[in-house]
Amino acid sequence: MSKANHSTIEELQARLTGVGYIADEALVMALHLALRLGRPLLLEGEAGVGKTEVAKALARMLDARMIRLQCYEGLDANAAIYEWNYQRQLLAIKAHELDESADQTEERIFSERYLLRRPLLEAISQETPPVLLIDEIDRADEEFEAYLLEILSDFQVSVPELGTIRATSIPQVILTANGTRDLSDALRRRCLYAFVEFPEPKRELQILKARIPTVGDDLAAQVVRFIAGLRREDLEKKPGIAETLDWVAALVDLNVSALTDDPDALRSSLVCLLKTEADAKAVTPEVLARLADRAA
Amino acid sequence: MAKETSRETTGRLQAGFLAQRMVDFVAHLRLNDFAVGPAETASALAVLGQVDACAPQDVRLGLKTLLAGRQEEWERFDDLFEAYWHRRGRTRQRQNAAGHGVTRKGRPKVWQNHLPSSEEGDAGRPEARTGDDAGVSDKDTARLAASRQEALAKTDLRHIVDPEELAEAERLAGRLARALRDRLSRRYRLASRGPRLDLRRTTRRNLAHGGDPIELVWRRRPERPMRIVVLLDVSGSMQQYSRFFLQFVKGLVCSWVEADAYLFHTRLIRVTDAMRDKDPLRAMTRLGLMTQGYGGGTRIGGSLRSFNDRYAKSALGSRSVVIVLSDGYDTGEPAELARELQRLRRKARRVVWLNPLLGWRDYAPVARGMAAALPHLDCFASAHTLEALAAVEDQFVRL
């Protein structure tokens, strides 16, 4: 397959780094196999570890289009695969009601012209294989999961009025989940799997420097240690990579060069990291001072 | 040892040997509760073709990506891989510990107080039978009215001592759960029919077209199945009741997709998957292993706390009903219980506490724990008879 034109794992890792994604070994291996074997990859892990970002990076790396299906409770085939454009159909019926028989009208309005392609159908009808991101699959209902399974194994969609639409290209599929509901074994077995954890401090430092080059070395190192400490605290919502990046941007903006410099600025910048009231309360000035001291 | 033999043989034999080793490895994972089958063996060989087979690290990561399918498996994989390919002897130990020998000899002791002992017949039988009569469950409600069963339904569960009656009551509890499921799911199906045209909005939107419905407005009722989360107290004081409750919980969990079950005594364990295990004997063994250390006091507050910390975020939602089955005798701090219940209630739609002692004539919730819990419950009901247990349905109807 042309899209898998890396010969070694190191090469893949380098290409990912090239598009700004710094991945650990397990994830690189998972992506390597997903590309080589053409299988979907299921990524699990806490919110904020960069699962969605993997798909984006992959699309950048392959220079492919990324099509995203955001799952939610109640998501159904109509919203995910295709829908008829009812307005246009009705207009067509009205416009031709005098000069067409009912059969002709039916044939006309149930043709591809009136079909609205939703992400899944869109993904399999691309000329060049896209990256299909099925985000937070665990939010969708089990019925939908079963439906998805069928599409992922056959890469074809049957529309009752049109017949079967076969894939013109097989997308590279990335699924993400963060444990809202347990997924079926059937789906898990279809996919390769990687559990994505918060990055090691070393890797987070690399990410930080790659994303915000203006940050000073000292501050970056302190931030990474501080965040690692904060994630060990008993929080409802542990800060993810995106939060770390936001926070660093805020610190740079506030002219903070070391975490122990200005306790007030530090305190006010925490809004970037702590996203629930309970968490904001849990990190008291004392806890904050302790974490900052240890990080310095 | 593997390498020496393979070096001596021809390439084809090597491949055959590797395939055989891979089959064994997959079997080894399966014995350790991985959901993997023969198809994975073939894929595993394909994976080996894509990684540097001389780099053990790559082989391990590659197989891990393929064969682990969930977080627990992901975390245990490295150990199991080591144990199998490097033979550190851990495999054997693990298998024994996982009870593949134990199963045959009988249930672990800790569980015998809760489940029919082997003298009362094969433990698997009631389960197997309930599975077979799934089609009959429509008549469950009617069956409940049969005289002997009616009498049973009204008897305080702790007075049932006759082994036959015990088995019958347990089956009833299981059927009750399924009947509950059936009635509720019917209601849900009716409610969720759609999508429908929203005529009012359609007409309004199309006033400009002279009222002809050109732009249609659709209405869809969001599909929101109810979710049941059961927390069952299996501490010493609940002994006489928990075997029935366990059947009830099992009935709920096995027939209701959106159900989640936990047992607690001094700590809390999630048992949904173990209860859904299709092999009843293995299910019992898994449950038995999970409840090791049982028999001490009850730490309800602490158990709720671990539920809130570990599971609540994913287990609960706005359509969740939490059922706590417990007598409320808590050896922990009442304040902790109250606090954790409060947290629980914020995340769940309703919190129902079923207490078998409540049906006793002179019982007042005097246990300190229970008294602390009361203000934070949506419903506090008795569950000393099967009939009382059946009344739990009302709690769902009010959702």
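Ignoring ligands and nucleic acids, what accessible area does A:Lys94 show with a 1.4 Å probe (Å², nearest 10)?
80 Å²
Please calculate the 1.4 Å probe accessible area of B:Asp78, with all protein chains present, and give it to the nearest 10 Å².
The accessible area comes out at roughly 50 Å².
Quick check of the Kirkwood formula: for the stretch A:167-287, what is the inverse mean of 1/r over all pairs of different Cα atoms, in Å?
The Cα-based Kirkwood calculation yields 16.6 Å.
Could you work out what % of the accessible surface of chain A is carbon and sulfur, using a 1.4 angstrom probe and leaving DNA, RNA and ligands out of the count?
The value for chain A is 49 percent carbon and sulfur by accessible area.
For the stretch A:31-81, just the Cα set please: Rg and Dmax, both in angstrom.
When restricted to Cα atoms, the stretch A:31-81 yields Rg and Dmax of 12.9, 34 Å.
Once the other residues with Cβ under 13 Å from the Cβ of A:Glu236 are scored (Lys, Arg +1; Asp, Glu -1), what is the net sum?
+4
Holding the Cα-Cα limit at 26 Å, pick out from A:Lys237/B:Lys64; A:Lys209/A:Lys238; A:Lys202/B:Lys347; A:Lys275/B:Lys64; A:Lys56/A:Lys281 the pairs that are longer than that.
Violating the 26 Å Cα-Cα cut-off are A:Lys237/B:Lys64; A:Lys202/B:Lys347; A:Lys275/B:Lys64; A:Lys56/A:Lys281.
Rounded to the nearest 0.05, what FRET efficiency do A:Arg65 and A:Arg88 have when you use their Cβ-Cβ distance and R0 = 35 Å?
Approximately 0.85, to the nearest 0.05.
Given labels modelled 7 Å from the Cα in the Cβ direction, how far is it in nm from A:Glu142 to A:Val159?
In this crude spin-label approximation the distance works out to 3.1 nm.
With each label point set 7 Å from Cα along the Cα-Cβ vector, what nm distance links B:Leu216 and B:Glu72?
Taking the simple label geometry, B:Leu216 and B:Glu72 are separated by 4.7 nm.
Between A:Arg203 and A:Phe110, what's the calculated FRET efficiency when r is the beta-carbon distance and R0 is 45 Å? Round to 0.05.
Working from the Cβ atoms, E equals 0.30.
Would you calculate the separation in nanometres between label points at A:Tyr72 and B:Ser314, each defined as 7 Å from the Cα along the Cα-to-beta-carbon direction?
Rounded to a tenth, the inter-label distance reads 2.3 nm.
Using Cα pairs closer than 8 Å and at least 6 residues apart in sequence, work out the relative contact order for chain A, in percent.
22 percent
Restricting to chain A, compute how many DSSP beta bridges are antiparallel as a %, nearest 5.
Antiparallel: roughly 30 percent of the beta bridges in chain A.
Would you mind getting me the FRET efficiency between A:Thr168 and B:Arg267? Use the beta-carbon distance for r and R0 = 60 Å, nearest 0.05. Working shown, then result.
Values: r = 54 Å, r/R0 = 0.91.
Efficiency at R0 = 60 Å is approximately 0.65.
Less than 17 Å from a label point 7 Å out along the Cα-to-Cβ axis of A:Lys237: which backbone N atoms in the stretch A:271-296 qualify, by residue?
A:271-283
Using a 1.4 angstrom probe on protein heavy atoms only, which residues from the stretch B:48-71 are buried by at least 30 Å² of accessible area when all chains are present rather than their own chain alone?
Hits at the 30 Å² cut-off: B:Gln50, B:Asp58, B:Leu61, B:Thr65, B:Leu66, B:Gly69, B:Arg70, B:Gln71.
The values are calculated or read from the model by the stated rules, or taken from the named source; none is laboratory data. These figures come from a predicted structure and were not determined experimentally. Counting neighbours? That spans all protein chains shown, and the Cβs are built from the backbone with ideal geometry, glycine included. What goes into the accessible areas is simple: the full protein's heavy atoms, side chains included, and nothing from ligands, DNA or RNA. Shrake-Rupley method; radii C 1.70, N 1.55, O 1.52, S 1.80 Å.
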